[in-house]
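Data block below; observations after.
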Amino acid sequence: MAPRRILLAVTGGIAAYKIPELVRVLRRADHRVRCALTAEAQRFVSPLVLQTLSGELVRQDLFDPGEENEIDHIGLADWAELVIVAPATANTLAKICHGLADDLVTAVILACRAPVLVAPAMNVNMWQNVATQANLAQLHERGVLSVGPEAGDLACGWEGLGRMSEPKDIAAAAELLLGPETLSGETVLVTAGGTAEPIDAVRSITNRSSGKMGFAVAEEAARRGAEVRLIAGVSALPTPAGVRRTDVQTAFEMREAVLAELPDASVVVKAAAVADFRPAEPETRKIKKESLTTHDRLTLSLVANPDILTEVCAQKGNRIVVGFAAESHDVVEAARRKIDRKGCDLLVANDISRADAGFNVDTNAVFFVSPSGEVEEIPLLSKRAVAAEILDRVEKLRQEQV
Ligand SMILES: Cc1cc2nc3c(=O)[nH]c(=O)nc-3n(C[C@H](O)[C@H](O)[C@H](O)COP(=O)(O)O)c2cc1C
């Protein structure tokens, strides 16, 4: 695996004495490792040891002008491809969970868009405390991953869950998270979110797409080493690490942005929910309600929007193009008809009638439909896992081309 940039955040638990070994394991795998320590961590492990083993400056103080001059904390957050918090104290887990940023470690984590892996280590009762469990559950929900703790004799004299995982196991979890760069060399263009078609100066027609599925594809493609261009419609989601984002509002703006990026793209994943229709003559000023009374009707005339997927497929060449379909009934049949009409390489069909899949939820259950009409049913998974399934199919299609 190519060397990756890992930020190792060390907090004040007794297991910090094992961190020099973790640095050695990561360095042996050829990764670059920069360490950041909390004030309490420095009581348990020597910064000098970590600096010597990592071969990189160790940062400890958010407010030290010298350190901030060497590598500023935002620079450190942007540099990292992965953050490992090990050992992760109950205190730091709580702080990360609540978005505190009152020391170097928590400030960097808050500013960092890379995946975060925590290796909790603490007394068994601290671990089992509902506060710690609730904090960790929230962190998991937000995509933070954890390794351990393990059961055994604890330094505090208690026995039970609380031992930090062994350095080799933390390193193995990190390798899994970093993953092989299987999309390196590809430029992946992803669209996500809904469009908003203006009715007048203040109102628009939009849909309930959150953009979560497309953002997950963009994030996973970046993790696999692709150059990723994300064109986002209406979505409040943060930009995933390593992704270049363009925001648009209407279907026309989406079309323009897609066609501008298309020449560079080798893979296109069109997860956006682009409005099929728009108001034919949007008012530039606000339509006044004054003359209308209850039950009066206002008729909106709609006109069809351009079909971006068809346009992309018309210039497909060697590109791999993945389309999406959101259907409320006859999902598979509608998807088969759509892939026939459009000519993309894979169609991902969502059943939006399910409460746990489709719009605005973190999970999805989809069907993959191929041009030959073959259908593969993917069970309910997190959108990140569905994104991984989609990109596995993209990689397979690329292999079949060569
Ligand atoms: C000897 C000793 C060992 C400690 N070990 C742990 C531990 O393993 N896990 C933990 O969560 N807290 C442990 N603590 C408590 C933390 O050091 C304390 O909560 C501290 O505020 C954590 O700061 P930090 O999260 O900013 O590093 C220990 C404290 C002492 C005095």
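The values are calculated or read from the model by the stated rules, or taken from the named source; none is laboratory data. Remember, it's a predicted structure, so these values are computed and weren't measured experimentally. Cβ atoms come from the backbone with ideal geometry, glycine included; neighbour counts cover every protein chain shown.
Some observations on this one:
- Entry remark, the range 134-151: residues being part of a strand (DSSP E or B) and in contact with a Ser or Thr (Cβ under 8 Å, 6 or more places away or on another chain) number 1 in total.
- Scanning the range 28-56 for residues that are over 26 Å from the mean Cα position of the chain (by Cα) and either under 21 Å from residue 223 (Cβ atoms) or more than 16 Å from the ligand (Cβ to nearest atom) (or both) yields a count of 9.
- Filtered by the rule that a residue be under 20 Å from residue 170 (Cβ atoms) and either within 16 Å of the ligand (Cβ to nearest atom) or without any contact (Cβ under 8 Å) to a residue 40 or more places away in the chain (or both), the range 60-94 gives 83, 84, 85, 86, 87, 88, 89, 90, 91, 92, 93.
- Selection of the range 1-36 for residues being touching a residue at least 12 places away in the same chain (Cβ under 8 Å), over 18 Å from residue 59 (Cβ atoms) and surrounded by fewer than 24 Cβ atoms within 10 Å (Cβ to Cβ) yields 1, 2, 3, 4, 14, 17, 18, 21, 24, 25, 29, 30.
- The lone exception for residue 344 - which of (1) closer than 15 Å to residue 212 by Cβ; (2) in a loop (DSSP other than H, G, I, E, B) it fails: (1)
- Per this entry, residue 48 is not counted among residues that are touching a Leu at 6+ places or on another chain (Cβ under 8 Å) and not basic (Lys, Arg).
- Taken over the range 317-331, the criterion of being farther than 13 Å from residue 369 by Cβ and either surrounded by fewer than 14 Cβ atoms within 10 Å (Cβ to Cβ) or not assigned by TED's automatic domain parsing to the domain that holds residue 391 (or both) is satisfied by 317, 318, 328, 329.
- A count restricted to the range 113-130 and to residues that are within 16 Å of the ligand (Cβ to nearest atom) and either among the β-branched types (Val, Ile, Thr) or touching a residue at least 40 places away in the same chain (Cβ under 8 Å) (or both) stands at 8.
- Selection within the range 251-275 - part of a loop (DSSP other than H, G, I, E, B) and either surrounded by 20 or more Cβ atoms within 10 Å (Cβ to Cβ) or modelled with pLDDT under 95 (or both): 265, 271, 272, 274, 275
- Yes/no for residue 264 being within 30 Å of residue 392 (Cα to Cα), in contact (Cβ under 8 Å) with a residue 60 or more places away in the chain, of a type in the set (Asp, Glu) and outside the structural domain of residue 80 (by TED's automatic domain parsing): yes
- Residue 333 out of contact with any His (no Cβ under 8 Å at 6 or more places or on another chain) and in a helix (DSSP H, G or I): yes
- Answer from 162, 148, 157 - the residue that is within 13 Å of the ligand (Cβ to nearest atom), free of Cβ contacts under 8 Å to residues at least 24 places away in the same chain and over 30 Å from residue 324 (Cβ atoms): 157
- Candidate set: the range 84-133, residues that are in a loop (DSSP other than H, G, I, E, B) and charged (D, E, K, R); chosen: the one surrounded by the most Cβ atoms within 10 Å (Cβ to Cβ): 103
- Only one entry in 242, 193, 233, 185 is out of contact with any helix residue (DSSP H, G or I) (no Cβ under 7 Å at 6 or more places or on another chain) and small (Gly, Ala, Ser), namely 185.
- Only residues that are outside any loop (DSSP other than H, G, I, E, B) and acidic (Asp, Glu) were counted in the range 19-58, giving 1.
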